[in-house]
Amino acid sequence: MRDRIAPQGRPDFRLDHVMIRVQDLDRAIGFYSGLLGMNILRRAEYPGGRFTNVFLGFGDNDDRTALELTWNWDRDTPYPAGECFGHLALIVPDVVAAMDWLERQGVTIRTPARRMAHGTRMIGFVLDPEGIPIEIIEPLDQA
């Protein structure tokens, strides 16, 4: 296998989480936690956005890649398999600098860097060449 050559100045990206939407949060937690052995890392309710996020992972803390389950409170029908996928998330120390760098590389910016609408972390979204959304987010301890 050939080594890949990193573009100069590339930010230090790390895969943080993958998000999927679920119809039944308790059933999903039972599957991922109860059957597969993932630990619940954190849970957050967002009444203003009418959704709940639960992050699960194999480990006891947020320094590993996680699975984000998003339950939209007002959804009363199941998601078809292709519509439940939400995004990949990459964590980086400086979201603004990373988004600026990605834009200079010709990456499509879907949502410029800003504070989360229902939280405090810096966040932005880009699109990969296939149009898949990638969230760029700062570490929790920077929020």
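The values are calculated or read from the model by the stated rules, or taken from the named source; none is laboratory data. Since the structure is predicted, the reported quantities are computational estimates derived from the model, not experimental observations. We place every Cβ from the backbone using ideal geometry, glycine too, and count neighbours over all the protein chains shown.
Observations, loosely collected:
- Options 66, 44; residue that is touching a Phe, Trp or Tyr at 6+ places or on another chain (Cβ under 8 Å) and touching a residue at least 40 places away in the same chain (Cβ under 8 Å): 66
- Condition met for residue 109 (surrounded by 12 or more Cβ atoms within 10 Å (Cβ to Cβ), at pLDDT below 95, not in a loop (DSSP other than H, G, I, E, B) and not hydroxyl-bearing (Ser, Thr, Tyr)): no
- Segment 51-70 - residue that is charged (D, E, K, R) and in a loop (DSSP other than H, G, I, E, B) and, of those, modelled with the lowest pLDDT: 62
- Residue 106 in the same structural domain as residue 128 (by TED's automatic domain parsing) and closer than 22 Å to residue 129 by Cβ: yes
- When the residues of segment 71-82 are filtered to those that are of a type in the set (Phe, Trp, Tyr) and in a loop (DSSP other than H, G, I, E, B), the one that is modelled with the lowest pLDDT is 79.
- Just one of (1) surrounded by 13 or more Cβ atoms within 10 Å (Cβ to Cβ); (2) on the phi > 0 side of the Ramachandran plot; (3) in contact (Cβ under 8 Å) with a residue 60 or more places away in the chain fails for residue 89. It is (2).
- Residue check, residue 102 outside any loop (DSSP other than H, G, I, E, B) and closer than 21 Å to residue 22 by Cβ: no
- Restricting segment 129-143 to residues that are over 14 Å from the mean Cα position of the chain (by Cα) and touching a residue at least 24 places away in the same chain (Cβ under 8 Å), the residue that is farthest from residue 93 (Cα to Cα): 143
- Of all residues in segment 108-128, those that are more than 14 Å from the chain's Cα centre (by Cα) and of a type in the set (Gly, Ala, Ser) total 2.
- Enumeration of residues in segment 60-92 that are under 15 Å from the mean Cα position of the chain (by Cα) and farther than 20 Å from residue 38 by Cβ: 90, 92
Residue-wise test of (1) assigned by TED's automatic domain parsing to the domain that holds residue 133; (2) under 23 Å from residue 121 (Cβ atoms); (3) surrounded by 15 or more Cβ atoms within 10 Å (Cβ to Cβ); (4) polar (S, T, N, Q).
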| site | (1), (2), (3), (4) |
| --- | --- |
| 37 | no, no, no, no |
| 45 | no, yes, no, no |
| 52 | no, yes, yes, yes |
| 61 | no, yes, no, yes |
| 71 | no, yes, yes, no |
| 77 | no, no, no, yes |
| 80 | no, no, no, no |
